[in-house]
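Report on one structure; see the data block that follows.
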Amino acid sequence: MIDVDAIPFVQARWYTPAQRTTFDIVCLHTMEFWERSDSAEWCQQFFATSDRQGSTHCEVDNNTICRSVLDHDVCWGANGVNRSGLHIEHAGFAAQADEDWHDEYSLLMLRLSAELTASWCLKYSIPAVFVDAAGLIAGRRGITTHREAEIAFPYGGHSDPGEHWPMAEYVQAVNDLLYPPMITKEVEMIQLQSPGGVNDGVLLVDAVNVRWVQSGHELGILNQAGVPTVIATVDKIRAMRDARTPCGPCPTTGPFAGWW
């Protein structure tokens, strides 16, 4: 995750001072500027000095994140989602094709941006889900674009970051950062023993389920893959660990490293 307060900051000229503590939206934009190694710095200076009335909270290129507006202040980014949102500019153009968003430069930039969005989602409990124009009108929370805000709250005809922006991949990248897969191996077996030393059962672990199997019979699925159950699953496995003495030494690698 990214420490947003450590991002290099130059105050934008156009913004609204505020003391916000709650946020509903992360809104994505394109700079309409070339993909260069200093695009984030260029955009930051543009917001600091330009007569054009606009700003975002952060700017991202393939190697840098810059900051122009503090989180608690309101940037001038997109009508209808300024007071509720945190906004990010990206190097590139709304007219880019799908392949343009999948070149080396863009993939590095999107990764950095996803880390920033994930940090905000974690800090402010913003759902890591896409919100379209209808969702914005309905007051849903999540990740959106300037294009969707323009459809929901027409103002200046903006269409960024464009129809080929890889939103599904972006949202998935944010979720992967927020909720990394608990299981890293395709299949892992952990035998658990009773205090008397008799094999009492086996945990069958794959990327989807954690199953408790005893005497050849599956006694229940401890977890169906999904964010809401991850913590409960860890607790259940730890409870089983505490109730039995597992055979073999404590794992030093893998998803169960250090658990006993």
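Six or more apart or on different chains, Cβ atoms under 8 Å: show the pairs whose first residue is in the range 150-178 and modelled with pLDDT under 90 and whose second is buried (at least 16 other Cβ atoms within 10 Å of the Cβ) and in a loop (DSSP other than H, G, I, E, B). Pairs that qualify, where the first residue is modelled with pLDDT under 90 and the partner is buried (at least 16 other Cβ atoms within 10 Å of the Cβ) and in a loop (DSSP other than H, G, I, E, B), are Asn175/Ala128; Leu178/Ala128.
This table checks each residue for (1) among the hydrophobic types (A, V, I, L, M, F, W, C); (2) under 23 Å from Ala6 (Cβ atoms); (3) under 18 Å from the mean Cα position of the chain (by Cα).
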position: Gln44; (1), (2), (3): no, yes, no
position: Ala48; (1), (2), (3): yes, yes, no
position: Asp51; (1), (2), (3): no, no, no
position: Gly54; (1), (2), (3): no, no, no
position: His57; (1), (2), (3): no, yes, yes
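Pro127 satisfies every condition listed in (1) assigned to a loop (DSSP other than H, G, I, E, B); (2) modelled with pLDDT of 95 or more; (3) over 19 Å from Ser39 (Cα atoms) except (2). Taken together, Thr30, Thr21, Thr16 contain a single residue that is touching a Cys at 6+ places or on another chain (Cβ under 9 Å) and either closer than 12 Å to Val60 by Cβ or among the polar types (S, T, N, Q) (or both), which is Thr16.
Quick one: would you say Arg52 is touching a residue at least 60 places away in the same chain (Cβ under 8 Å), surrounded by fewer than 15 Cβ atoms within 10 Å (Cβ to Cβ) and not in a strand (DSSP E or B)? No, not satisfied. Among the residues of the range 8-28, those that are surrounded by 19 or more Cβ atoms within 10 Å (Cβ to Cβ) and within 19 Å of the chain's Cα centre (by Cα) comprise Phe23, Asp24, Ile25, Val26, Cys27, Leu28. When the residues of the range 118-133 are narrowed to those that are surrounded by fewer than 20 Cβ atoms within 10 Å (Cβ to Cβ) and touching a strand residue (DSSP E or B) at 6+ places or on another chain (Cβ under 9 Å), which ends up farthest from Ser159 (Cα to Cα)? The selected residue is Tyr124.
If the condition is being out of contact with any Ser or Thr (no Cβ under 9 Å at 6 or more places or on another chain) and without any contact (Cβ under 8 Å) to a residue 40 or more places away in the chain, then the range 7-44 contributes only Trp42.
The values are calculated or read from the model by the stated rules, or taken from the named source; none is laboratory data. Predicted, not measured: the structure shown is a model, and the values here were computed from it. Quick reminder, even Gly has a Cβ in these numbers, built from the backbone with ideal geometry, and neighbours come from all protein chains shown.
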